[in-house]
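Each remark here refers to the structure printed beneath this line.
Computed from the coordinates by the stated procedures, all read-outs in this text should not be read as laboratory data. Here the structure is a predicted model, which is why all the values come from computation and not from measurement. Reconstructed Cβ throughout: ideal geometry from the backbone, glycine too, with neighbour counts over all protein chains shown.
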Amino acid sequence: MLCWIQENAVDLIGHLLTLIGIIVGALIVVFQLSRQHRSSLALQKDNAKEVLKLDIYKTLDERIRQLSDAITSASMYVFMIPAQIETYQEQISNKFPSQPLTKRALEFLRLHEKAGEATVRIIEEFEAWLISLPELELFQTAINSANYDAREAIQPLFSALVRVLPIDPPEDAPQNVPRPITKPLLDRKQLQELRTLVDNYKNAMDDIGCYIFDLRVEAQNNLLSGLFEHRVPPRKPLDKKFKVLSTKPEKLEELMTYFKEQTAWGKNKIRLDAEFEESNGKK
């Protein structure tokens, strides 16, 4: 046997090297296939993420448009009321021909409720995508804060509008009922008080409008970054007291602290949470 091995050593070594080459080649093929498979899975995952980001952007963009249209309709409707009342009263005082005011408190309330529904819808979208976009919490918090201010402003404003704007009686009202039913004229102090109430409401709605503008900027820069290299610049208000929402780490914590601790909404939430904890502690 030893002699045979010695006589065929060269052939055996050649076969062994061939076998080793086959094994090494097979391992290389397996490694390459495994690497290609992992690369393919990573590519599929990245593609799926980009598709999901695009879907999220489309949904957010639709909600932003709906909310923007709704808050613009409500705030502009009520913003024009003091000026129209002043013009109408000047016509009456100067005995010029005039037409009754066309604005109605109930129509304003309908527009406000429509804006409120649009606000709820966009907040629901935030909650649905927080797992993939945790930065949305900032926009959810900011819009909740501004919406709280709008709710606080709507109550006294609507009451004031009911007192000053005409009312349309039901169609089956007696013929001797005026159409519309007009209200007493306002003096300068009352008109200024109405303007203040309108400004409070419009400021809150304007804040929501600014925040959803910032949301659109962030959505384009973060969700469409895989498709476009260009970046949309942030909003730059002339007055620095107005907050610009940004998800940059150096800004995010500061903004969250502001909304949670310094706004009327944040302070009210702290108070309610403390009352809840105190009531549970007594049980």
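Structural remarks
- Over 28 Å (Cα to Cα) - which of 103/202; 58/269; 103/241; 53/236; 183/241 fall in this group: 58/269; 103/241; 183/241
- Note on residue 224 and residue 58: the extension gain reaches 58.7 nm, defined as 0.36 nm multiplied by sequence separation minus the Cα-Cα distance.
- In order along segment 247-257, phi translates into HN-Hα couplings of 9, 5, x, 6, 9, 4, 5, 4, 5, 4, 5 Hz, rounded to whole numbers, per the Karplus curve 6.51 cos²θ - 1.76 cosθ + 1.60 with θ = phi - 60° and x for Gly and Pro.
- Relative contact order %, segment 69-180, counting alpha carbon pairs below 8 Å whose residues are six or more apart: 29 percent
- Within segment 221-283, the chymotrypsin sites (Phe, Trp or Tyr not before Pro) that combine a DSSP coil assignment with at most 14 other C-beta atoms in a 10 angstrom radius are 228, 242.
- Ordering of 244-251, 94-101, 107-114, 200-207 by packing [mean C-beta count within 10 Å, highest first]: 200-207, 107-114, 244-251, 94-101
- Across segment 139-281, C-alpha contacts under 8 Å between residues 6 or more apart give a mean separation that, scaled by the residue count, equals a relative contact order of 30 percent.
- Residues 186, 106, 238, ranked from the fewest to the most other C-beta atoms within 10 Å, line up as 238, 106, 186.
- Our estimate of slack between residue 172 and residue 276, defined as 0.36 nm per intervening residue step minus the Cα-Cα distance, is 32.4 nm.
- What the phi angles of segment 99-111 give under the Karplus curve with 6.51, -1.76 and 1.60, with θ = phi - 60°, is a coupling list of 10, x, 4, 9, 6, 10, 4, 5, 5, 4, 4, 5, 5 Hz, glycine and proline written as x.
- Listed by chain and number, the aspartates and glutamates placed with their C-alpha closer than 20 angstrom to that of residue 95 are 86, 187; residues fewer than eight positions away on the same chain are left out.
- Projecting the Cα atoms of 66, 228, 161 onto the dipole axis of segment 57-276, where Lys and Arg carry +1 and Asp and Glu carry -1 at the beta carbon, places 161 farthest toward the positive end.
- Spin-label pair residue 163/residue 90, simplified geometry with 7 Å Cα→Cβ offset, distance in nm: 2.4 nm
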